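A.B. asks: Here's a structure for you.
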Amino acid sequence: MDGTDPGGQRISAGRLKGSGRRLTSRPQTLPPSFMDRAMDSLTLMTAPGMFLAQVDEDIIVLDLVRDSYDCLFAAAAMVALDGQGGIVARDEATKAELISMGLAVQPASNPSQPAIAPARRELVVEPHPHARDICRSTIVLMTATLRFRRKTLPDLIAVVPRVRGPLSRDPDHLSRIVGAARVARTWIPFEGECLQRSFLLRSWLASQGIVANWIFGVRTWPFSAHCWLQIGDLVVGDRLERVGRYTPIMQA
């Protein structure tokens, strides 16, 4: 899911759609208290299927339905994001433009999105997992691979793995089963990019009573996208150093 070519490809390639856009309203720097003092009339929510994140001066847009990213250049000077789907426009003209672009709706039309916990820790994986766990993991990963094939991103997001058995919060258990998946993964054909790896690992964790959030992140110049799993602020199955390069844009 790591790419740099702004060539209008699907999200799984981590690419931008087209060459980006600009809001036509004239930018200006927003005061620090902008969000606190904003009038209710300028408050919006992201439209269904849309996810926004600020990266430096730009706003990155994830269109889940179309399976693509876009960039609003220098738009951070005209809008403020609250990290939970809330948007505050600088003025009425900016508000109208966001709505006309299909990026935002009135607050009552869309529920808040869950806040994404910043990644702060990385799971230490068991280097010598049990053979039994490896065998079980192989079966689950193979089955999940069949479910993954020919699915669009919206389809994959809609697949919520069924958590089997009592919920587990044992860190040693988590370390062991992620270690088992790491070994089993070498036997899985067509393992693919981070999108597939995260989907497979999430399915395996759920089969072992563990609920994990699926995080999607972006960075710019050059543009790149990545996804990984987190439990709270704990990165699971990836490196903290790597995911720290990305700004979270969506949680599933």
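The values are calculated or read from the model by the stated rules, or taken from the named source; none is laboratory data. These numbers were taken from a predicted model, which means no experiment stands behind them. FYI the Cβ positions are ideal-geometry reconstructions off the backbone, even for glycines, and counts take in every protein chain you see.
A.B. asks: Under the condition of being of a type outside the set (V, I, T) and either in contact (Cβ under 8 Å) with a residue 60 or more places away in the chain or farther than 30 Å from G49 by Cβ (or both), which residue from the range 182-191 is surrounded by the most Cβ atoms within 10 Å (Cβ to Cβ)?
C.D. replies: The residue in question is A184.
A.B. asks: Check whether at least one residue in the range 127-138 is among the aliphatic types (A, V, I, L, M), at pLDDT 95 or above and either in a helix (DSSP H, G or I) or under 29 Å from I249 (Cβ atoms) (or both), and report yes or no.
C.D. replies: yes
Residue-wise test of (1) more than 24 Å from Q251 (Cβ to Cβ); (2) within 20 Å of the chain's Cα centre (by Cα).
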| site | (1), (2) |
| --- | --- |
| K151 | no, yes |
| P154 | no, yes |
| V160 | no, yes |
| R164 | no, no |
| L167 | no, no |
| L174 | no, no |
| G179 | yes, no |
| V183 | yes, no |
| T186 | yes, no |
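A.B. asks: Please tell me if I116 is hydrophobic (A, V, I, L, M, F, W, C), surrounded by 14 or more Cβ atoms within 10 Å (Cβ to Cβ) and within 30 Å of V183 (Cα to Cα).
C.D. replies: Against the criterion (hydrophobic (A, V, I, L, M, F, W, C), surrounded by 14 or more Cβ atoms within 10 Å (Cβ to Cβ) and within 30 Å of V183 (Cα to Cα)), I116 qualifies.
A.B. asks: I need every pair where a residue in the range 151-178 that is free of Cβ contacts under 8 Å to residues at least 12 places away in the same chain has its Cβ under 6 Å from the Cβ of a residue that is part of a helix (DSSP H, G or I), sequence separation at least 6 or different chains.
C.D. replies: The qualifying pairs do not exist here.
A.B. asks: Follow-up. Counting just the residues of the range 45-93 that are assigned to a helix (DSSP H, G or I) and out of contact with any Leu (no Cβ under 6 Å at 6 or more places or on another chain), which one comes out surrounded by the fewest Cβ atoms within 10 Å (Cβ to Cβ)?
C.D. replies: E92
A.B. asks: To continue, here is another question. Do we find that A184 is more than 20 Å from D67 (Cβ to Cβ) and touching a helix residue (DSSP H, G or I) at 6+ places or on another chain (Cβ under 6 Å) in this structure? Show your work before the answer.
C.D. replies: On the way: more than 20 Å from D67 (Cβ to Cβ): yes; touching a helix residue (DSSP H, G or I) at 6+ places or on another chain (Cβ under 6 Å): yes.
Considered against the rule, which asks whether it is more than 20 Å from D67 (Cβ to Cβ) and touching a helix residue (DSSP H, G or I) at 6+ places or on another chain (Cβ under 6 Å), A184 comes out as yes.
A.B. asks: In the range 162-180, is there at least one residue being β-branched (V, I, T), assigned to a helix (DSSP H, G or I) and closer than 22 Å to F51 by Cβ?
C.D. replies: Checking the range 162-180: not a single residue is β-branched (V, I, T), assigned to a helix (DSSP H, G or I) and closer than 22 Å to F51 by Cβ.
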